[in-house]
Amino acid sequence: MPNPSSPKEPRQARHGVRVLAASLWGAGCVAAIAAAFWFQDLRYALPTPPPAGHRDVPIGAEVGLAAPVARLHVLVVEDQDVNLRVVTRMLGKLGHTCDVARDGAQALALLAAGTYAVVLMDCHMPVLSGDEATVRWRERAEGRARTPIVALTANALVSDRERSLAAGMDGWLTKPLTLAALEAALQRHAAPERSAA
């Protein structure tokens, strides 16, 4: 027995009626009969009204994804031009603003003069490395609200990670950096009370 709930049924019936109409009455009446069946088909394409009590859920909430972070002001400490462009463009794509330092000494000066939601700190730089800059900043900023510092490095060795964490860094990102990894790190480490104005 044909299943009246199947979307294929009206299309099959429509084809049969067209053939029958063309053979009995000519092609002139086929369009009118097909139109009637088209309206019957249309009910399968229309969206079903939501049930009573339906509530829209933000995308990602049903699988427990973290909500997007607020607009942040970030300090990027990186001496390589290509890496610097990549990081700053990614931050812009995520809707954040940033200041830039080219070595650890510049980073310390900017940290002393401003407030940042998070610092993305390259580990290997001239003048003052990221690890040493972090150690000095933690000493200077003792008693103040902690500024999260996340390491940026091409080294994925456990020993390098442990050294950076021992210096006072809060997280670790390896290069080449991906947008998803950067966004996840900001969600995990950034201080929300230090969002950009």
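The values are calculated or read from the model by the stated rules, or taken from the named source; none is laboratory data. Bear in mind that the values here come from a model prediction, so they are computed numbers and not experimental data. Glycine also receives a Cβ, built like all others from the backbone with ideal geometry; neighbour counts cover every protein chain displayed.
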Top-ranked residue in the range 163-194 [being exposed (fewer than 15 other Cβ atoms within 10 Å of the Cβ) and modelled with pLDDT under 90; ranked as farthest from residue 121 (Cα to Cα)]: 193
Look at the range 130-159 and say how many of its residues are hydrophobic (A, V, I, L, M, F, W, C) and on the phi > 0 side of the Ramachandran plot. 0
Would you confirm whether any residue within the range 126-137 is in the same structural domain as residue 75 (by TED's automatic domain parsing), surrounded by fewer than 19 Cβ atoms within 10 Å (Cβ to Cβ) and in contact with a Ser or Thr (Cβ under 9 Å, 6 or more places away or on another chain)? no
Which condition number does residue 114 fail, the rest of (1) modelled with pLDDT of 95 or more; (2) within 22 Å of residue 144 (Cα to Cα) being met? (1)
Residue within the range 168-186 that is among the small types (Gly, Ala, Ser), closer than 16 Å to residue 75 by Cα, in a helix (DSSP H, G or I) and in contact with a strand residue (DSSP E or B) (Cβ under 8 Å, 6 or more places away or on another chain) present: yes
I'm told residue 95 meets every condition in (1) on the phi < 0 side of the Ramachandran plot; (2) within 24 Å of the chain's Cα centre (by Cα); (3) surrounded by fewer than 23 Cβ atoms within 10 Å (Cβ to Cβ) except one. Can you identify the failing condition by its number? (1)
Quickly run through the range 72-90 and pick out the residues that are of a type in the set (D, E, K, R) and in a helix (DSSP H, G or I). 81, 85, 89
For the range 135-166, what are the residues that are within 28 Å of the chain's Cα centre (by Cα) and part of a loop (DSSP other than H, G, I, E, B)? 145, 146, 147, 148, 154, 155, 156, 157
Please name all residue pairs, on different chains or six or more residues apart, with Cβ atoms under 6 Å, provided the first residue is in the range 84-113 and is in the same structural domain as residue 138 (by TED's automatic domain parsing) and farther than 18 Å from residue 190 by Cβ and the second residue is loosely packed, with under 14 Cβ neighbours inside 10 Å and not aromatic (Phe, Trp, Tyr). 103/126; 103/127; 105/127
Can you tell me which residue in the range 141-159 is surrounded by the fewest Cβ atoms within 10 Å (Cβ to Cβ), limited to those that are of a type outside the set (A, V, I, L, M) and modelled with pLDDT under 95? 143
